[in-house]
1. Does a label point 7 Å from the Cα of A:Gln22, set along Cα-to-beta-carbon, have any residues of the stretch A:39-61 with amide nitrogen under 15 Å, and which are they?
2. Using a 1.4 angstrom probe on heavy atoms only, work out the carbon and sulfur share of the accessible area of the stretch A:3-266 in %.
3. When a/c reaches 1.5 or more, the comparison of a/b and b/c decides; with that in mind, is chain A rounded, prolate or oblate per its Cα gyration tensor?
4. Specify whether the C-alpha gyration tensor of the stretch A:306-396 places it in the rounded, prolate or oblate class, a ≥ b ≥ c being the square roots of the eigenvalues: rounded for a/c under 1.5, otherwise prolate if a/b is larger than b/c and oblate if not.
5. For the stretch A:403-450, treating each Cα as an identical point scatterer without solvent, what Debye log10 I(q)/I(0) comes out at q = 0.14 1/Å?
6. Taking R0 as 45 Å, what's the FRET efficiency between A:Met1 and A:Asp229 from their Cβ-Cβ distance, rounded to 0.05?
7. For the stretch A:286-354 and the stretch A:116-169, what is the centre-to-centre distance using only Cα atoms, to the nearest Å?
8. Exceeding 29 Å between C-alpha atoms, which entries from my cross-link table qualify? They are A:Lys402/A:Lys433; A:Lys150/A:Lys185; A:Lys188/A:Lys264; A:Lys73/A:Lys200; A:Lys12/A:Lys266.
Amino acid sequence: MLQVYNSLTNQKENFVPINPEQVRMYVCGMTVYDYCHLGHARVMIVFDTIYRHLKSLGYDVNYVRNITDIDDKIIERANQNSEPFEVLTQRFIDAMHDDEKSLGLLAPSLEPRATDHMPNIIEMIQTLVAKDYAYAAENGDVYYRVAKFKGYGKLSGRLLEDLRAGERIAIDQYKQDPLDFVLWKAVKPDEPYWDSPWGKGRPGWHIECSAMSTHHLGNHFDIHGGGHDLQFPHHENEIAQSEACTGEHFANYWLHNGFIRVDKEKMSKSLNNFFTIRDVLKDYKGEEIRYYILTSQYRSPLQYSTAQLDSAHSSLERLYTALRGLEDGEALENSPAEMQFIAAMNDDFNTPKALAVLFELAHDCNRQRDSQPEQALQTAALLKKLGSQLGLLQTEPELWFKGIDTESDMSDDQINDLIAQRNLAKQEKDWAKADDIRNQLSELNIALKDGAQETTWRRK
RNA sequence: GGCUGAGUAGCAAAAUGGUUAUGCAGCGGUUUGCAAAACCGCCUAUUCCGGUUCAAUUCCGGACUCAGCCUCCA
């Protein structure tokens, strides 16, 4: 039985989908005005892994992850660059998709964009105005009347009076209550706009997610996720908007992933302490980043360091070493290891525990390899199968070790040629020459391993 | 100030009222021409103070420290 930690109740709960066969999941995606950083990678990887696990449990999963392609920062950046905002956002959407591919992500079922949903957004705001949950102000903005929604604060555990006492409420002369938030922003000079019953303008941030999620998944769906920083106010506001509009319960389970930290601080754009995915990809494989992210449970904070990424590299090397040469087996069904793995993942997606099972299997592969080759093949197949549920270990081991021919100074043929020369020297017991060739290759980051039958190599 | 969450060995990170996490790193051994990898074995732990209990890292209370949200943020 799958249990998930629900931010709405602050406890683990049995996961029971509304429709027993299907899971509907909405995740808040990126605002596309810059390259994605490792923090974004964590959301992507965490929810991709959740998506995979739900599918492996047999659910038909409808996974919607939106793209915010209109907002203040996008407009600001586009104006800085003197380019249309659509050109800017498309560029970063493409970049994001490249990053996703590198990280081994499955495509979500749907990636709706805010700008494609203006009618839905406007319709929702109209309903909220009609129900008196929203009002148009003199300046052309439309605001949500927070105090009218009696459940406000239920997700973030906040009371209205606590929020009022908060230190950082901005006073705005057009709002009837400082807590009210904007649904529709009136256009300013040099800004893109859409027509609406309240004049030219654009949607506020929160409303697009309410509009897109309910439009694509229905008024009431199973899982809503995103980074922990979205819990308040973004998700709180989504609940207020959606439930006031539809009169129905919005999402049943709220999942929030923890942050990546740099020097004990949250990695973020505003602190300027972020590492983009593409920067990290210069030194590490996407799979290594993915492994690193999965070494901690998704709700925990995760410290960024190259030491951790190096460790991820070594750990994956161990797993791939176990798999090497054991490619054609059939995985046994319902083995104890698989049960352990599923139990770990069913416990609020405990990927560190699931990874531990992978290492047990790798250990088994290594032990069985010579004495019980048939079993070793089955174990390896299971290892690869479970790895796939985490989005890991799907590269051919030889390819993983050797990399792409064009990556280094020396071609595969040249390497094989030198190995042949070295084997000749070994036959003649010319150890000095054999070691010389090995050192020469090592200088070029090629590591050799003498097996009983043959010498294998890898790029370090 | 309000609300959350966290403090486990060199590093990272699980779990558990009494019994091996796991990975990286390190140490010893087997193996190897020497290596590498693998295998066998070892090493280091539960922030502090009380309480409950036969027994607590695990439950309860308190302290301290840290992080996050309350402003855009994954």
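The values are calculated or read from the model by the stated rules, or taken from the named source; none is laboratory data. Computed from a predicted structure; not experimentally measured. Every residue, glycine among them, receives a Cβ derived from its backbone with ideal geometry; neighbour counts consider all protein chains shown. Note: areas computed on protein heavy atoms with side chains; ligands, DNA, RNA excluded. Shrake-Rupley method; radii C 1.70, N 1.55, O 1.52, S 1.80 Å.
1. Zone members listed by number: A:59-61.
2. Numbers: 5140 of 11200 Å².
Heavy-atom surface of the stretch A:3-266 belonging to carbon and sulfur, 1.4 Å probe: 46 percent.
3. Working: a/c = 2.91, a/b = 1.95, b/c = 1.49.
Prolate.
4. Values: a/c = 1.93, a/b = 1.17, b/c = 1.65.
In terms of gyration-tensor shape, oblate.
5. These q points yield log10 I(q)/I(0) values of -0.32.
6. Details: r = 30 Å, r/R0 = 0.67.
Between A:Met1 and A:Asp229 the formula returns 0.90.
7. Taking the Cα centre of the stretch A:116-169 as reference, the centre of the stretch A:286-354 is 42 Å away.
8. Values: A:Lys402/A:Lys433 24 Å; A:Lys150/A:Lys185 25 Å; A:Lys188/A:Lys264 39 Å; A:Lys73/A:Lys200 19 Å; A:Lys12/A:Lys266 25 Å.
Over 29 Å Cα-Cα: A:Lys188/A:Lys264.
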